[in-house]
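Following: one structure in structure tokens, then a few remarks.
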Amino acid sequence: MARVAKAERSAHQSVPSHFRDLVPQRETSDQLVQLYLRTFESVHRVLHIPSFQQEYNEYWSNPQAASTAFVTKLLLVMAIGACFYKDPNSPTYLRSSSSQWIHAAQSWLGPPFEKSRLNLTGLQIQCLLLIARQTSAVGGDLVWISAGTLVRTAMNIGLHLDPSHFPKMSIFHSELRRRLWATILEISIQSSLDIGMLPLISLHDFDCEPPSNLDDVQINEDTTTLPTPKLDIFTQTSVQIALMRSFSTRLEIVKLINDFRSEPSYDETLRLSAELTTTMRSISLLFRSFLSSSSLTEHERPPAFPNKLLDTLTRRFLLSLHRPFAIKAKTNPKYYFSRKTCVDSALQILHTRAQDNEYNIFAIPGTGICRSIWVLAITTICFELITQLEEDSSPFSPTSIHSLSRNELHKAIRDSIDLAARRIEAGETNVKSHVMLASILGQIDAMIAGTSPEQGILDAAKRTVELCCGLLTARAEESAARQAQGVGDGREDVGFQGDGIGSGWDVLVSLTEYAGCMYGLLTKFALQMEQPNLDFEIPDSWLFSGWGSSTSWS
């Protein structure tokens, strides 16, 4: 069923010759644009919002007069906004449309040796494209490759040099270049951490200063004097500036943990951890002051989404930094601080993600950073809970297992299993994340009950396979029904015919063998986590590499 869904999705990726044909009705476009502007644009500054809104209004006045570059930019803005679009009756609505918009933008950037693309507009489109690929699950796991091109393109037109080197450059373009460079640096460092590779740049490669703490309305192309930056007031650039405050420390962390030639020392780990924690604490105090000040207007208070994403994008570096030593803490108490830091960081990340808000919604369909943060956090929690159960000197006792800490870990795993199911409902075709987490929980529950872990895995595997097959079947039947009615709403599974469902259920027959295999793999999973440079990715990782392409699981 997953193969058929993917094939149908690929069949609908043709790009029309006129990009304007892809733009939906204005009512839908307005919603998607606003969803983007109040979420990702406040974290990764790409656009000058008043200028973009002016072009947007002009587009609807005369669509045929709009440049292809602007339409491409608009399609990507809407693709990112679409991941926040909520429709309880259509959970996969706009998914296929978003994918098509992304493919259209890629085709615009595709032709080689196009010097006309070497400008700020071209860089804006590249940045939006990489963000959209992650939020819409279109090659999001490969963003690090494209991020290298983005960095080199930016340096080719001098964004790595501070605008102060160019006296004739306007205030407006100077600030826009600083914002765009900061966004490019963030995309680069996050993608390096995602894939476990060395960063694409060093601090010696640029001298561009962070952007000024200004709202967009304070500058335009006619600005001749830089307005006085707001020091203690939240602006549309505050989150980006906060990210830049920790950039140098986070860059050191990525270089340290992804250096395949040597392992990090614990002293260096503690030093970088202290630096990053201090910066995070000062940023947290500043943003709390934004929220608590009674003199601030609603516009001057930081929205929830960028504030939470800021915390996660920074905190994940602590989790990755301490992970190798947290595993060693199982046998060496010297590293207990790393174990506690990892668990606290993972719980904070999962707690933020579990809340019913825009931050949680964007995590459901995404890949790349959207998935890798979640994977690392939940595997940390799984390992911690299993370790706690193994450390119990006596059989399970209600007083210990029902402690707040143990219950919180257990709930985090259950919530993550629910999130994996929601990803399938939203269009994900890979069920392996759900299967693995449910199997781990089956092992944990069996350990708590004092029963056979293998049997616990088997029972959980049966339940999760039935659930995942049910979710995929429901999506396929609904898409087929809509196709029969001639209703095209942009769902990715349109055209699915029920043939082949039966063979998918045959996997239940071999689940007894699977349970024993899974128990061994979970043990291997714990050992593999000790490798700091491992690119751990559940859906396509080593964990399921043993399942041949001839099986129904591939």
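Just checking, which of Leu180, Leu256 is farther than 25 Å from Glu41 by Cβ and either touching a Lys or Arg at 6+ places or on another chain (Cβ under 6 Å) or of a type in the set (A, V, I, L, M) (or both)?
Working: Leu180 fails: farther than 25 Å from Glu41 by Cβ.
None of the other options fit; the residue is Leu256.
Take Glu408 and tell me if it is farther than 16 Å from Ala2 by Cα and modelled with pLDDT under 90.
So Glu408 passes the test.
Being of a type in the set (D, E, K, R) and under 14 Å from Ala421 (Cα atoms) is the filter here; which residues of region 458-476 pass it?
Arg463, Glu466, Arg475
Taking only region 230-247 into account, find how many residues are assigned to a helix (DSSP H, G or I) and either closer than 20 Å to Ile195 by Cβ or of a type in the set (Ser, Thr, Tyr) (or both).
Count: 3.
Which condition does Asn332 not pass, out of (1) modelled with pLDDT under 90; (2) more than 24 Å from Thr249 (Cα to Cα), if it passes all the others?
So Asn332 meets the others, but not (1).
Take Arg339 and decide whether it is more than 22 Å from the chain's Cα centre (by Cα), surrounded by 14 or more Cβ atoms within 10 Å (Cβ to Cβ) and touching a residue at least 12 places away in the same chain (Cβ under 8 Å).
yes
Quick one: in region 447-492, of everything that is among the charged types (D, E, K, R), at pLDDT below 70 and buried (at least 19 other Cβ atoms within 10 Å of the Cβ), which residue is farthest from Val435 (Cα to Cα)?
It comes out as Arg491.
Conditions (1) over 30 Å from Glu428 (Cα atoms); (2) of a type in the set (A, V, I, L, M); (3) free of Cβ contacts under 8 Å to residues at least 24 places away in the same chain, marked per residue:
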{"site": "Thr135", "(1), (2), (3)": "no, no, no"}
{"site": "Gly148", "(1), (2), (3)": "no, no, no"}
{"site": "Asp162", "(1), (2), (3)": "yes, no, no"}
{"site": "Phe166", "(1), (2), (3)": "yes, no, yes"}
{"site": "Phe172", "(1), (2), (3)": "yes, no, no"}
{"site": "Leu176", "(1), (2), (3)": "yes, yes, no"}
{"site": "Leu185", "(1), (2), (3)": "no, yes, no"}
{"site": "Ser191", "(1), (2), (3)": "no, no, no"}
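Out of all the residues in region 209-218, is one or more at pLDDT 95 or above, hydroxyl-bearing (Ser, Thr, Tyr) and in a loop (DSSP other than H, G, I, E, B)?
yes
Give the residue, chosen from Arg250, Arg261, Arg281, that is surrounded by fewer than 17 Cβ atoms within 10 Å (Cβ to Cβ) and either in a helix (DSSP H, G or I) or among the β-branched types (Val, Ile, Thr) (or both).
Arg281
Can you name the condition, by its number, that Thr225 falls short on among (1) at pLDDT below 95; (2) assigned to a helix (DSSP H, G or I); (3) surrounded by fewer than 22 Cβ atoms within 10 Å (Cβ to Cβ); (4) not aliphatic (A, V, I, L, M)?
(2)
The values are calculated or read from the model by the stated rules, or taken from the named source; none is laboratory data. All figures in this text were calculated on a predicted structure; none of them were measured in a lab. Backbone-built Cβ (ideal geometry, glycine too); neighbour counts: all protein chains shown.
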